[in-house]
Amino acid sequence: MPGRIEDYALIGDMHSAALVGRDGAIDWLCLPRFDSEAFFASLLGTEEHGFWRIGPTHTDCTRPSAADTRRYRGDSLVLESEWTTAHGTVRVVDMMTRTDGAPQLIRLVEGLSGRARMRSVFRPRFGYGHTRPWVHQVGDRIVAVAGPDSVWLDTTARTCVDDHTVSSDFTVSAGERVAFTISWQPSHQQQPALPDPEQALEAIGTFWHEWAEHCTYSGPYREAVVRSLITLKALTYDPTGGIVAAPTTSLPEEIGGIRNWDYRFTWLRDAAITLSSLLRTGYREEARAWREWLLRTVAGDPEHLQIMYGIAGERKLGESELAWLPGYEGSTPVRVGNGAAHQLQLDVYGEVTETLHIARTAGLARHDHASALQLRLIEHLEQHWMEPDEGIWEVRGRRRHFVHSKVMAWVAVDRAIKLIKSGEAEGPVDRWRSLRDTIHRDVCSKGYDKERNTFTQSYGSHELDASLLLIPQMGFLPPDDKRVIGTIEAIQRELSTSDGFILRYQTEGASEGVDGLPGNEGAFLACSFWMADDLAMIGRVDEARKLFEKLLGLRNDLGLLAEEWDSRRQRQVGNFPQAFSHVALVDTALKIEALGAHGANTEHPATLRTSRKTT
């Protein structure tokens, strides 16, 4: 049975990623890309669906116990897990790298004291656990082959192959190292080069430490910020610059429920806000790479903008279900692909143009094609902003006039006007000023409940939505506007969980609510960070800091966050680790430092607005 979601660690090579449990089991790995079919899929099923575990041998042959301690080696994605047994102490070092283009997962077993008896069980399964491979020996190497894929296992330990499973029993003494490496290769090609684990360990550590040193944030939450930035970098597909929302599929938003989605794609929204956080913390190269990805992906057809694409820009992301997988803790169906790819979500126009705006103001080199794309997007939006859509949360119910979507349409037009005023582009600035004013009036008249003094989820509705917290952050209204303050306080009252975190919207008690789905979900962590942002912006900095630090306490022992928090079960839920959560963490740390420097409850609204423009 897989561990709790927060029991996992992330390792990766910026092409794919693996999840390593506290017991030394790798229960999830897709090769060679994030969105490839899983090679280890026991996370969503049983051990029969593929895993690889290295840990101390138990005499009763039961599953090994959890590591006594684990940590990342400094600011890196090199994972160290340690066990103390009756006869010795041992460490397993896990990492991913590439040699001559072939992805490799390396596991180094190090004896620290005494003599520890160890066991490696390698059970490869292809096609999300559906296909048992042909496992055989080629010289001193073992290879698992199924169709177009092959995975090669290299180790100095003695191995035994039985029933498509490779096991190794060995002893490691103080000062000794035993290495295990798997390398993926197309099955029709010659075997991959032999790995050099020691050289790889040195190179990987150097890369991550040098990358982390570029972070310009030096505030009180630097450890949390740097770990989040490393996680975001790890979710970037290096060959193209595309960023996945998470490296997993179908980890449930409700344990035992059906809200299980595939997040191994590049959402324009998620990627855009990720890049804005990276830009704010000194990482321009990632912004340049994403801008190039965007231009290639959207190409000359912004009128058919999708909300998400494959990590190389693929457009067809059809959704299907894997009936042979029983799901994480019985949460079915297990889905691959994502049917929301062709939804209408007007807010993505705002997120994309906001990020291009931030990139320009941050000093990223001028790019005429990017400016032209931004104007084309506004030309299209000009004709469609008044339509109902599925909104930021990708509802699978009927389309609505979501207030957040209209606000972000306003953002898109506003940033295009700023682009023209900068002199880097030409356009009908007077006409678009009028359009900006029209959208603003429309939102304020149709999306605002005067009696309750709050904006609502959609035109004419009574429901609230945590995305409304972005109204002051996007500059749609100033933080001191009574409607903004009323909305913040209404969301605190009506969308807070018992432990003080924020729901996206109410699902409790509805058989099929606004999102068209049965069941419930946890508190959405990004929304909870947004609440902290807003509290700081309206001068309640101490309260914002308290909420932020409470959110930091939800991270696992390695600093990682999933998408949501189940307040009833007191555990993380949703795909893991989640880019959206880590982006929000970084942004809130920056905002609290900027606004808190003046002391709680002392900021002037004009100062807050100026601060927002420069972050």
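The phi-based Karplus calculation (6.51 cos²θ - 1.76 cosθ + 1.60; θ = phi - 60°) puts the 3J(HN,Hα) values of region 363-372 at x, 5, 3, 4, 9, 5, 5, 5, 5, 5 Hz, whole numbers, x for Gly and Pro.
In this structure, the amide hydrogen of G282, modeled 1.01 Å from its nitrogen in the peptide plane, lies closer than 5 angstrom to those of T216, counting only residues at least 5 positions away or on a different chain. Inter-part distance, region 494-556 to region 292-354, computed on C-alpha centroids, equals 25 Å. The angle between the Cα long axis of helix 605-614 and the main principal axis of the chain comes to about 50°, on a 0 to 90 degree scale. Kirkwood hydrodynamic radius of region 5-210, from the reciprocal of the average inverse Cα-Cα distance over all distinct pairs: 16.9 Å. Spacing of the modelled spin labels on E463 and T361, each 7 Å from Cα toward Cβ, amounts to 3.2 nm.
For region 403-532, the Cβ-based charge dipole about the Cα centre amounts to some 580 debye (Lys, Arg positive; Asp, Glu negative; other atoms uncharged). Computed from point charges on the beta carbon alone (+1 for Lys and Arg, -1 for Asp and Glu), the dipole magnitude for region 5-210 about its Cα centre is near 340 Debye.
Reducing region 73-107 and region 115-177 to their Cα centroids gives an inter-centroid distance of 16 Å. Cβ-to-Cβ counts within 10 Å put T332, T181, T206 in ascending order as T206, T332, T181, the fewest first. Considering only alpha-carbon pairs that sit under 8 angstrom and 6 or more positions apart, the relative contact order computed for region 351-446 is 30 percent. Shape analysis of region 210-279 yields a ratio of the Cα radius of gyration to the Kirkwood radius, Rg/Rh, of 1.05. When only Cα pairs under 8 Å and 6 or more residues apart are kept, what is the percent relative contact order across the chain? This gives 12 percent for the chain. With a cut-off of 10 Å between beta carbons, the residues surrounding H87 carry a summed charge of +2, where Lys and Arg count +1 and Asp and Glu -1.
Shown for region 214-614 is the translational diffusion coefficient from the Stokes-Einstein equation, using the Kirkwood radius over Cα pairs, a temperature of 25 °C and a viscosity of 0.890 mPa s: 116 µm²/s.
Remark: the chain carries a charge dipole of roughly 700 debye about the Cα centre, counting +1 on each Lys and Arg Cβ and -1 on each Asp and Glu Cβ.
Residues of region 214-242 falling in the label zone of E549, defined by backbone nitrogen less than 14 Å from a point 7 Å along Cα to beta-carbon, are 220-222.
With a cut-off of 18 Å on the backbone N, the residues of region 5-32 near the modelled label site 7 Å out from E329 along Cα-Cβ are 5-9, 20-23, 27-28. Output the Kirkwood hydrodynamic radius of region 167-302, Cα pairs only, in Å rounded to one decimal. About 18.6 Å, per the Kirkwood formula over Cα pairs. How high is the FRET efficiency between Q506 and R569 when r is their beta carbon distance and R₀ equals 25 Å, given to the nearest 0.05? Efficiency computed from Cβ-Cβ geometry: 0.85. For region 331-431, the Cα gyration tensor yields ellipsoid semi-axes of 29, 17, 10 Å (square root of five times each eigenvalue, largest first, whole Å). What would the Debye equation give as log₁₀ I(q)/I(0) for region 423-572 at q = 0.13, 0.18, 0.19 Å⁻¹, counting only Cα atoms as equal point scatterers? Taking Cα atoms of region 423-572 as identical point scatterers yields -0.67, -1.09, -1.16.
All of the numbers you see were taken from the coordinates with simple rules; none came from a lab. These numbers were taken from a predicted model, which means no experiment stands behind them. All Cβ positions, even for glycine, are placed from backbone atoms using ideal geometry, and neighbour counts span all protein chains on display.
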